[in-house]
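Only one structure is covered here, and it is reproduced in the block below.
Bear in mind that the values in this text are calculations on the coordinates, not laboratory data. The structure presented is a predicted model; accordingly, all values stated were derived computationally and were not measured. Counting neighbours? That spans all protein chains shown, and the Cβs are built from the backbone with ideal geometry, glycine included.
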Amino acid sequence: MLKRLNEALPGLLLGIIIYGALFQVIGVWFVQEKLLYSTGLWIGIGCAVFMAVHMAVSIEDAVSLGTEDGAKKKTIASAMFRYVIVLLVFVVMEFFNLGMLLPAFFGVLGLKASAYMQPLFYRLSKKKDHYDEASASGEDHMMNNE
């Protein structure tokens, strides 16, 4: 189902979970409040997963609108919605002392880390993307203006 929505989404979500597991294993040794660290981190990871899925849905919706202005407005509104939701989650988490705020922030950054790791994941899974095919053919598609 996730692959139908966006081909990169399953890999992105897997990367977020791996990032969270690494931060859990490594970071839990350096804090005294292990439970608050863990809940904060996994609340942040949950926010990152929400943001990735919502982003994929928003992009699909924006593309299907057909007009550039409508797509731009939809994209901006969706991004603002995501940021407000994450901010509200952080405020509620801090108000009710559900977890540490800094690990939650690092959990949200799992979305960025996973996005940057996608080319590595594709290479490790031996999937070829269009960049690999272009470099294998010896052509420089960006410089062919003739």
Next on the checklist: Sort 26-35, 105-114, 83-92 by packing, meaning the average of other beta carbons within 10 Å per residue, with the highest value first.
Outcome noted: 105-114, 83-92, 26-35
Checklist outcome for this item: Ranked from fewest to most other Cβ atoms within 10 Å of their own Cβ, Lys74, Lys126 fall in the order Lys126, Lys74
Item to check | Phi to ³J(HN,Hα) by Karplus 6.51 cos²θ - 1.76 cosθ + 1.60 over segment 34-50, Hz, x for Gly, Pro | outcome: 5, 5, 5, 4, 5, 5, x, 4, 6, 5, x, 5, x, 5, 5, 5, 4
Next on the checklist: Suppose each label sits 7 Å from its Cα in the direction of the beta carbon; what would the Leu65-Phe121 distance come out to in nanometres?
Outcome noted: 2.7 nm
